[in-house]
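A short worksheet on the structure shown next.
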Amino acid sequence: MTTTDQPRAASAGRRRSRRDEILDIAVGLFAGRGYHGVSMDDIGAAAGVTGPALYHHFAGKEAMLAAALVPVSQGLLSGGRDRVVGCDGTPRQTLESLVDFHVAFSLANPAVIALHLNELDRLPEEPRREIRRLQRLYVEEWVVVLAALRPDLTPAEARVLAHAAFGLMNSTPFLGGEVDRDRLAELLRAAALAALLG
């Protein structure tokens, strides 16, 4: 998993494992039909293996869901930190780098976003708490940058704006194909920055 551009996707130079392929199929099915609308047999049929063979890779559907969502939150946090620490520019340039990073993630991973929005509560308590902890840390990376850029904001206000921007950028599961990907990225970037900069 790369932590720079697409937290869900496999690294370009690494051959995807059968486990990764099965997980992507499961994510697509869960996002399209809902967690309870998909059985292990459904996932196996879509992946071209028997349902029981899936247990060589995953303990069950909950394990698949955790394997899909926990690394995404880890990758977002890592990528966000890389941009905050690695940016030698102004707070505005750092914020733009964060927005570009998140827009790229959102465009590459609409099914994972839909899965997170609709199915996070299906996870057992421990992975669910870990995901929420990672998400809070990711938000705080944005809050630090916004505080440097906009001293008029309290930390709580900066969090409100960060969450509003995430809502805009994470709208990709609900967008049709009427606008090409490059233009969609431009629109999402502009909308997020407008929300954040006021």
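The values are calculated or read from the model by the stated rules, or taken from the named source; none is laboratory data. Please read all numbers here as calculations on a predicted model, not as lab measurements. Please note: Cβ atoms are built from the backbone with ideal geometry, for glycine as well, and neighbour counts cover all protein chains shown. Side chains included, ligands, DNA and RNA excluded: accessible areas come from the protein's heavy atoms. Shrake-Rupley method; radii C 1.70, N 1.55, O 1.52, S 1.80 Å.
Roll a 1.4 Å probe over the protein chains and send me the accessible area per residue for region 67-125 in Å².
Ligands and nucleic acids excluded, the figure is 39 Å² per residue.
Using +1 at the C-beta of Lys and Arg and -1 at the C-beta of Asp and Glu, which of Ala147, Ser97, His56 has the Cα lying farthest in the positive direction of the dipole of the chain?
It is His56, whose Cα lies furthest towards the positive end.
Run the dipole for region 43-190 about the Cα centre, Lys and Arg Cβ at +1, Asp and Glu Cβ at -1, nothing else charged, and hand back the magnitude in debye, nearest 20.
Rounded to the nearest 20 debye, it is 220 debye.
So for region 1-150, averaging the separation of alpha carbon pairs under 8 Å that are six or more residues apart and normalising by length, what relative contact order in percent results?
About 33 percent, as a whole number.
Grab the DSSP H runs of the chain that are 4 residues or longer, score each as -39,500 (n - 2.57), total them, divide by all residues and round the 222 nm result to the nearest 500 deg cm²/dmol.
When only DSSP H runs of four or more count, the value is -23000 deg cm²/dmol.
Taking a ≥ b ≥ c as the square roots of the Cα gyration tensor eigenvalues, with a/c under 1.5 meaning rounded and otherwise prolate when a/b beats b/c, else oblate, which class fits region 94-198?
oblate
Take the alpha carbon atoms of the chain, find their radius of gyration, then divide it by 2.2 N^0.38 Å using N residues; give the quotient.
Cα Rg divided by the expected 2.2 N^0.38 Å: 1.08.
Report Leu77's accessible area, 1.4 Å probe, all protein chains in place, as a number in Å² to the nearest 10.
Surface accessible to solvent at Leu77 totals approximately 10 Å².
Under 1.5 on a/c is rounded, so check that first for region 32-91, then, if it is not, pick prolate when a/b is larger than b/c and oblate when it is not; a ≥ b ≥ c are the square roots of the alpha carbon gyration tensor eigenvalues.
Verdict is prolate for region 32-91.
On the full set of protein chains, 1.4 Å probe, figure out the accessible area of Asp121 and give it in Å² to the nearest 10.
Roughly 110 Å² of Asp121 is accessible to a 1.4 Å probe.
Given a 1.4 Å probe and heavy atoms of the protein chains only, how would you sort Met64, Met40, largest accessible area at the top?
The most accessible residue leads, giving Met40, Met64.
If you roll a 1.4 angstrom probe over the protein chains with everything in place, what fraction of the accessible area of the chain belongs to carbon and sulfur, to the nearest %?
Carbon-and-sulfur percentage of accessible area, whole number: 54.
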